[in-house]
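Asks: Attaching a single structure in structure tokens format; questions to follow.
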Ligand code: HEM
């Protein structure tokens, strides 16, 4: 019926109506569509937020935490929906909502992340084509990096990197933890996931970090929603991504041509016969996923240690106790922190650090402004009784559970002694249900060795921009989904070396 009827209707209107009448007609048609949409059977659809959809764009990308909270408040519902241009997005909260969300079969993380986040560098045929098979092989190799044998080998390498970098701070001074702690994590993540040619060259690592920062800065509402449009931000992002790609490919080719083998992730991938695009995808994708989240959490972990002297003492005591009881031969003195930490077993670091574990757990709760994003790849499904049509997106802000005063009284307060919440999905710091972090073991190991290195090397405390002890505790900025820097001013780590150099 449409192919016959519509062209005839168009022809009639073009022949008989003026442009102003056409404009009026178009407006009427749009209004009818909007009204039909409004009055159609919506009993199982989530309530839509009011206002033109164009107003959602900026807040969703720039002040996501405030925007989502405003949506819940305005609609008065635990689920609501809004449009992000062509995309329909349902925002989920509440106990039933998170259960359905995390257990749903048809909700796809990669699709949700690709369309709504755009954080992954985009290289045609490499990271843009992370289809199921390639993703599965990347995850399989990531699991290999985290086998106990490999993590044991990585302990001294991570410890040595941490030691070199904290020594470069000098005897005393102050540093911005969101710059300097992140820098250390970037180095250790490069060490664990790439190759020695890159990890041993501080200039290349620093360049890689700058390039990843450019990719982050190029992730704007426009570049996410119109990836085909060559805006200046998109051009910067593409150029940075191409440069990262070149660094990785060059390292891979040098390794292949030299014929010299090393004990690192690149070698593991080459020896397994992985094809070049998979190797580049592994390194580029996991580096950004791993370094950014571990860097942010580690920066906050050290910030909390600096602002909570009691917990700094407790953590230091734990590390010293660990070394005394688990490290091989602590009698020769003096030994650097890295040498002491290198002789710890993996089991000691993983299973005998209850204080560091609870500090990390609480840091993830208060300083991880993650919004889980998924796309329903079909069929239509329901979350807490509301329909998520095929092709729509469902998002779940971690603030719903982690900043929930019913589950965590005074939720913004950093308190590692909080009892575990028994409710299903009452804590999702490492994910939950069908999607769990696949880098947890590596991230925890990196953070523990880094924290131990800083604790053993320095006395430190938190100061404000004027060098004074701050009157208020630093507050994680939940609107800053990428770096989560404090929302209430600048804070610095003031340190003095306590450990004699080896
Ligand atoms: C402190 C550091 C980290 C935190 C807090 C963290 C947290 C998370 C969370 C919450 C998820 C689930 C996301 C969602 O449901 O939307 C996730 C997924 C994931 N993480 Fe991590 N992560 C960290 C470090 C890492 C590292 C170092 C790697 C890899 C080297 C990594 C690789 C992944 C991957 C591949 C997934 C997706 C899993 C899937 O597709 O099923 N993460 N992470």
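The values are calculated or read from the model by the stated rules, or taken from the named source; none is laboratory data. As the structure is a prediction and not an experimental result, all values here were calculated from the model. A quick note on method: Cβ atoms are made from the backbone with ideal geometry, for glycine too, and the neighbour counts reach across all protein chains shown.
Asks: Would you call residue 321 exposed (fewer than 15 other Cβ atoms within 10 Å of the Cβ) and closer than 26 Å to residue 148 by Cα? Explain how you work it out, then say what you get.
Replies: Details: exposed (fewer than 15 other Cβ atoms within 10 Å of the Cβ): yes; closer than 26 Å to residue 148 by Cα: yes.
So residue 321 fits the description; yes.
Asks: Do we have any residue at all in segment 439-454 that's in contact with a helix residue (DSSP H, G or I) (Cβ under 7 Å, 6 or more places away or on another chain), under 30 Å from residue 106 (Cβ atoms), within 16 Å of the ligand (Cβ to nearest atom) and outside any helix (DSSP H, G or I)? Outline the logic, then answer.
Replies: Restricting attention to segment 439-454, the residues satisfying the condition of being in contact with a helix residue (DSSP H, G or I) (Cβ under 7 Å, 6 or more places away or on another chain) are 439, 441-454.
Narrowing further to those that are under 30 Å from residue 106 (Cβ atoms): 439, 441-443.
Restricting the remaining residues to those that are within 16 Å of the ligand (Cβ to nearest atom) gives 439, 441-443.
Then keep just the ones that are outside any helix (DSSP H, G or I); that gives 439.
Scanning segment 439-454, I find at least one residue that is in contact with a helix residue (DSSP H, G or I) (Cβ under 7 Å, 6 or more places away or on another chain), under 30 Å from residue 106 (Cβ atoms), within 16 Å of the ligand (Cβ to nearest atom) and outside any helix (DSSP H, G or I), so the answer is yes.
Asks: Among the numbered conditions (1) within 12 Å of the ligand (Cβ to nearest atom); (2) modelled with pLDDT under 95, tell me where residue 340 comes up short.
Replies: Answer for residue 340: the failing condition is (1).
Asks: Being assigned by TED's automatic domain parsing to the domain that holds residue 346 and surrounded by fewer than 20 Cβ atoms within 10 Å (Cβ to Cβ): is that true of residue 210 here? If you could, list the steps in order and put the result at the bottom.
Replies: Numbers: assigned by TED's automatic domain parsing to the domain that holds residue 346: yes; surrounded by fewer than 20 Cβ atoms within 10 Å (Cβ to Cβ): yes.
So residue 210 fits the description; yes.
Asks: Please determine, by comparing only the residues of segment 361-370 that are surrounded by 20 or more Cβ atoms within 10 Å (Cβ to Cβ) and near the ligand (Cβ under 8 Å from one of its atoms), which one is farthest from the chain's Cα centre (by Cα). Talk me through it step by step, then tell me what you get.
Replies: From segment 361-370, those surrounded by 20 or more Cβ atoms within 10 Å (Cβ to Cβ) are 362-369; that's our starting set.
From the residues that got through so far, the ones that are near the ligand (Cβ under 8 Å from one of its atoms) too are 364, 368.
On the way: 364: 11, 368: 8 Å.
This residue is 364.
Asks: I'd like to verify a number: residues in segment 343-360 that are over 24 Å from residue 483 (Cβ atoms), within 16 Å of the ligand (Cβ to nearest atom) and crowded, with 21+ Cβ neighbours inside 10 Å, how many?
Replies: The qualifying residues number 2.
Asks: Considering each residue of segment 375-398, count those that are in a loop (DSSP other than H, G, I, E, B) and surrounded by fewer than 18 Cβ atoms within 10 Å (Cβ to Cβ), and give that number.
Replies: Here is the first cut: in segment 375-398, the ones in a loop (DSSP other than H, G, I, E, B) are 377-380, 384-385, 389-392, 398.
Right, trim to surrounded by fewer than 18 Cβ atoms within 10 Å (Cβ to Cβ) and you get 377-380, 385, 389-391.
Here the count works out to 8.
Conditions tested, residue by residue: (1) closer than 24 Å to residue 442 by Cα; (2) touching a residue at least 24 places away in the same chain (Cβ under 8 Å); (3) outside the structural domain of residue 138 (by TED's automatic domain parsing).
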| site | (1), (2), (3) |
| --- | --- |
| 201 | yes, no, no |
| 204 | yes, yes, no |
| 217 | no, no, no |
| 222 | no, no, no |
| 228 | no, no, no |
| 237 | no, yes, no |
| 244 | yes, yes, no |
| 262 | yes, yes, no |
| 268 | yes, yes, no |
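Asks: Among helices (runs of 4 or more DSSP H) lying entirely in segment 131-197, which contain 2 or more residues that are at pLDDT 95 or above and outside the structural domain of residue 457 (by TED's automatic domain parsing)? Show your work before the answer.
Replies: Working: elements: 132-145, 148-167, 177-193.
The helices (runs of 4 or more DSSP H) meeting that bar number zero.
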